[in-house]
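The values are calculated or read from the model by the stated rules, or taken from the named source; none is laboratory data. Treat the numbers as computed from the prediction; the structure is a model and nothing was measured. As a convention, Cβ positions derive from the backbone with ideal geometry for all residues, glycine included, and neighbour counts pool all protein chains shown.
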Amino acid sequence: MYIVRDIFYLHFGHYRPAKQLLDEALHAGLLPENKHARVLSDFTGDAYRLIFEEGFDTLAEYEQSLTGSMRKDEWQQWYEKFKPHVERSHRELLKRVV
């Protein structure tokens, strides 16, 4: 299994509006459907992070998700509203070994 984490470092004071947008995306069905998906927030360490985590059986499955729901106009419009709250981001691709 592969675990993909998209880690968004939010601007100071932007957690609440970013979380509100995330709730809107969830209710509108804009987030990719994935049985291993979850959204996390920091508890310790670097502050003001939102972490989108998904699990995939293969890297091909992950690539399919990138070319699927995230290319839809509704997702792109939502993402344009989300981006101003983000200071920087990075992605981790991890392979589960045990």
Exercise for the section: Considering only region 7-19, state which residues are more than 23 Å from Leu66 (Cα to Cα) and either outside any loop (DSSP other than H, G, I, E, B) or among the polar types (S, T, N, Q) (or both). Expected result: Tyr15, Arg16, Pro17
Handout entry: Answer residue from region 23-46, given it is in contact (Cβ under 8 Å) with a residue 40 or more places away in the chain and assigned to a helix (DSSP H, G or I) and is surrounded by the fewest Cβ atoms within 10 Å (Cβ to Cβ) among those
Key = Glu24
Exercise for the section: Could you tell me which residue of region 64-98 is surrounded by the most Cβ atoms within 10 Å (Cβ to Cβ), considering only residues that are under 26 Å from Arg16 (Cα atoms), modelled with pLDDT under 95 and polar (S, T, N, Q)? Expected result: Ser69
Completion exercise
The residue that is farthest from His36 (Cα to Cα), considering only those in region 53-98 that are of a type in the set (Asp, Glu), assigned to a strand (DSSP E or B) and without any contact (Cβ under 8 Å) to a residue 60 or more places away in the chain, is Glu53
Completion exercise
Within region 1-22, residues being closer than 14 Å to Val39 by Cβ, exposed (fewer than 14 other Cβ atoms within 10 Å of the Cβ) and of a type in the set (A, V, I, L, M) number 0
